[in-house]
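Reviewing the structure listed below.
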Amino acid sequence: MAACPAMLEQDRKKTGCRRWAPRLAVLSMLAAACAPQEYHANTPSEYQTAASCAQVNRDNLYTAAGYANAYLTVATGDPAFPPWWEGGTSDEHSKWTLNDPYLGRGFEGAVTFEVAERLGFPEHRVRFVPIDFNDSFAPGPKGFDFVLQQISYLPERMEGVDFSDGYYDVNQALVSVQGSPIALATSLEELNDARLGAPIGTTSLKYIEDKIKPSTQPTVYDDLTAAVQGLKNGQVDGIVVDLPSASYITEEQISNGVIVGRLPTAGSQEHFAMAFEKGSPLVECVNLALQEMKDDGTLDEIRREWLSDKTDAPLIEG
């Protein structure tokens, strides 16, 4: 949607509207027409709440359309895998092949709707779009406000997107099958000759390359589904994934699958974060929502509800 030239000229100093003009993909709007407005919000130097942050940015960007028409557009992967997304499919949103994100179930589903509520978006004003994992942090304009699908923060990914604060501290884990040469491994040294695999562009693949450093080059898969299938087919001895996903893989996807163990942290603690188009003013608002959730215990409650039984695995020694 293009902002009215008259509005931009009159209010560019007062509201910063011209400053935000290139970022009109943020806080997606249905209305397309411009109309004269009497009220324009002043942009404070510091916001007190996530709701005030979101409202001021909605007022400044979209006074012409009216922020009651605003939708929060969230991207995630399809399939949307457990335990991050749960609830199965629905007739209403049948294009989602494994779990319907509109149900708000699973850890990331619950986090999404809690953040949305704190930003002032009721459930019916949240919509979802599918996206491939590596497109989540690719440079360029975005057709969504933010994306979450177990994206780990990495400094090099900041070249293409902005990240929120972390919403989950994660450990990598090794998944294999019963009877595999590495099924009972207790140290990284025992993985020297292992055939390992992971999806392309992931921190799981980076962990294999930088930390495990097996004698055989890791097998790189297009996505997690292909990696799981590769393990099933015996192409590799094991795959590296985040620990909660490892539980789903061994419980639901591979009948004889085993979690060999969680892998020791390499460097600073890895964490998942939401990704935004570069320069999005919504980053600050989402960070305020996440901080509120941490301060009042809501984020911990969501974690306990959806992930408490997904993180129990022995530590593989470094």
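Overview of values
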{"read-out": "Cβ-Cβ under 7 Å pairs, at least 6 apart or on other chains, region 296-312 side farther than 14 Å from Gly106 by Cβ and β-branched (Val, Ile, Thr), far side surrounded by 19 or more Cβ atoms within 10 Å (Cβ to Cβ) and modelled with pLDDT of 90 or more", "value": "Thr298/Glu114; Thr311/Leu243; Thr311/Pro244"}
{"read-out": "Criterion: at pLDDT 95 or above and in a helix (DSSP H, G or I) - qualifying residue of Val220, Val228", "value": "Val228"}
{"read-out": "Search result, residues across region 108-124 that are open to solvent by 10 Å² or more (accessible area, probe 1.4 Å) and touching a strand residue (DSSP E or B) at 6+ places or on another chain (Cβ under 8 Å)", "value": "Phe113"}
{"read-out": "Whichever residue in region 233-265 is within 25 Å of Gly88 (Cα to Cα) and without any contact (Cβ under 8 Å) to a residue 40 or more places away in the chain and, among such residues, is most open to solvent (accessible area, probe 1.4 Å)", "value": "Ser255"}
{"read-out": "Of the criteria (1) outside any loop (DSSP other than H, G, I, E, B); (2) modelled with pLDDT under 95; (3) not charged (D, E, K, R), which one Val111 fails", "value": "(2)"}
{"read-out": "Candidates Arg105, Arg127, Arg23, Arg58 - the one that is open to solvent by 20 Å² or more (accessible area, probe 1.4 Å), charged (D, E, K, R), in contact with a Leu (Cβ under 9 Å, 6 or more places away or on another chain) and modelled with pLDDT of 90 or more", "value": "Arg127"}
{"read-out": "Region 88-99 - residue that is farther than 15 Å from Ala75 by Cβ and touching a residue at least 12 places away in the same chain (Cβ under 8 Å) and, of those, most open to solvent (accessible area, probe 1.4 Å)", "value": "Thr97"}
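Listed here are the residues, each with its yes/no results for (1) in contact with a helix residue (DSSP H, G or I) (Cβ under 6 Å, 6 or more places away or on another chain); (2) under 20 Å from Thr112 (Cα atoms); (3) modelled with pLDDT under 65.
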site	(1), (2), (3)
Ala41	yes, no, yes
Ser45	no, no, yes
Tyr62	no, no, yes
Gly66	no, no, yes
Val74	yes, yes, no
Phe81	no, yes, no
Glu86	no, yes, no
Glu92	no, yes, no
Thr97	no, yes, no
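The values are calculated or read from the model by the stated rules, or taken from the named source; none is laboratory data. Values in this document were obtained by computation on a predicted structure and should not be read as measured data. No Cβ is skipped: glycine too gets one built from the backbone with ideal geometry, and neighbour counts run over all protein chains shown. Quick note on the areas: whole protein, heavy atoms, side chains included, nothing else; ligands and nucleic acids left out. Shrake-Rupley method; radii C 1.70, N 1.55, O 1.52, S 1.80 Å.
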